[in-house]
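The structure appears right after this line, and notes come after that.
The values are calculated or read from the model by the stated rules, or taken from the named source; none is laboratory data. Since this is a predicted model, take the numbers as computed values, not measurements. As a convention, Cβ positions derive from the backbone with ideal geometry for all residues, glycine included, and neighbour counts pool all protein chains shown. Just so you know, the surface numbers come from the protein's heavy atoms only, side chains and all, with ligands and any DNA or RNA stripped out. Shrake-Rupley method; radii C 1.70, N 1.55, O 1.52, S 1.80 Å.
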Amino acid sequence: MLRYFTAGESHGEALVAFISGLPAGLKVDQSFIDRELWRRQQGYGRGGRMKIERDTAHILSGVRHGMTIGSPVSVQLENRDWKNWQEALPVGEGDPARHKRVASPRPGHADLAGALKYNFPEARYVLERASARESAARVAVGALAKSFLRELGIEVLSHVVGVGAVSLNPQASWEQIQNLFKREEILLNCVDAEIEQLMKDEVDKVLKTGDSVGGVFEVVAHGVPPGLGTYAQWDERLDAQLASAIMSLQAVKAVEIGSGIAAAAAPGSAVHDEIGYSVDGNFTDFTRTRNNAGGIEGGVSNGEEIRVRGYLKPISTLRRPLQSVDFETRQPVSAAYERSDVCVVPAAGVAAEAMVALTLSRCALEKFGGDSMGETVRNFQGYRAQLQSY
Ligand code: EPS
């Protein structure tokens, strides 16, 4: 069973990720993991922290001679900023006078709910863990999941479909999204250069006014065979698992599979994807003329591209803060501000790719099993042959 956890605080010494259940014999390419981490750090509208960090994955266990060995993989990501925080956030008792309080909770952030829950007098420890910095650890193990999926012919990428009031229409093709992945400079990760400029204008607008902006990313999984996930039990439905995985990312407030939102207002005839059948030599396939279902019907992948969108609220740390209350005096004050990003939509898309890759890997391992890659791929090919002779 594929399981993964993360640990680490935003300004602690390091982030740690742990993944167990990957088959032995999976090739691990360190430069690929680091490129994924680099992608998560990019995008127009990032704050000062990304100038400090150079995220790289330091693999501690589970990989020898460039291959997984079937034992749990643990990965450490150094927080370069730790050197500026070790006295404020020591593991030992330290000097309480050096503690950096977060005196007033930010509306929209975990600050208030977290302080109430854990009975903290202020929000420092809350934001340390609630911060989206944690998503870097997910991207590290997500890169391993992507490497695993690639052995089954499945690729997972993302692109940005909305920033503030600007959105991309019509749908981006897989080829366009693949081309984005090759870019050495990531602005807003939009396939349409003109729309991307308008998105940049949206970010510039909030930069000027001390505000922040949200948006929408889309993750696309290409090459997914029919049959991942099942309607047999509520928590095994693929769409339910993906929705939970995406919703678990910081700042995501809604998730959409395929054209789910528009579908709620359209008649059935305009929504459901009609079915055809094609024969090309020995190769036969069920076909669709469109993919409003986002590649999932009845909680099961149907062989089309999986398309899932995450809707991000604007970052809750504002340079021109909203009204809040002082934790100690309970008097009205402005919400706390240290520094922040103003737009993180492309970065959230990369973190969401990791979550989709981890979810699909878990479903694929449930279906195909295998303790070594040879065994998993053999089982997968057997299933492929079964589909061909269906
Ligand atoms: C982040 C690092 C954080 C934040 C951001 C995500 O760094 P710092 O708090 O030191 O500036 O920039 O976190 C948030 C947006 C948030 O609301 O907590 C990162 O690595 O992505």
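If you take the square roots of the eigenvalues of the alpha-carbon gyration tensor of region 90-230 and sort them as a ≥ b ≥ c, do you get rounded (a/c under 1.5), prolate (a/b over b/c) or oblate? Verdict is oblate for region 90-230.
Could you state the accessible area per residue of the chain in Å², with a 1.4 Å probe and every protein chain left in place?
Computed with neighbouring chains in place, this is 48 Å² per residue.
Of the accessible area of region 1-109, computed with a 1.4 Å probe over protein heavy atoms only, carbon and sulfur atoms account for 53 percent. Taking a ≥ b ≥ c as the square roots of the eigenvalues of the alpha carbon gyration tensor, region 8-100 is oblate, as a/c is not under 1.5 and a/b does not beat b/c. Working from label points 7 Å from Cα in the Cα-to-Cβ sense, the E175 to N119 distance is 6.2 nm. Normalised by 2.2 N^0.38 Å, where N is the number of residues, the C-alpha radius of gyration of region 188-261 stands at 1.48.
Using the Cα atoms as the points, what is the convex hull volume per residue of region 3-388 in Å³?
Cα convex hull per residue, to the nearest whole number: 161 Å³.
Calculate the dipole size of region 3-388 relative to its Cα centre from +1 charges on Lys and Arg beta carbons and -1 charges on Asp and Glu beta carbons; express the result in debye to the nearest 20.
With only Lys, Arg, Asp and Glu charged at Cβ, the dipole is about 720 debye.
When the helices of the chain are scored as -39500 (n - 2.57) per DSSP H run of n ≥ 4 and the total is divided over every residue, the value at 222 nm lands at -10000 deg cm²/dmol.
Hey, for a label at E53 modelled as a point 7 Å past Cα toward Cβ, could you say which residues of region 215-257 have their backbone N under 18 Å away? From region 215-257, the list is 248-252. In angstrom, the C-alpha Rg and Dmax of region 49-110 are 17.5, 50. Site pair R101 and R150 shows an inter-label distance of 5.0 nm when each label is modelled 7 Å from Cα along Cα→Cβ.
Within a straight-line Cα-Cα reach of under 17 Å, K208 can be paired with the following lysines, leaving aside sequence neighbours fewer than 8 residues apart in one chain: K200.
Residues considered: Y277, Y337, Y231. Largest GNM mean-square fluctuation over the chain, using C-alpha springs under 10 Å, is found at Y277.
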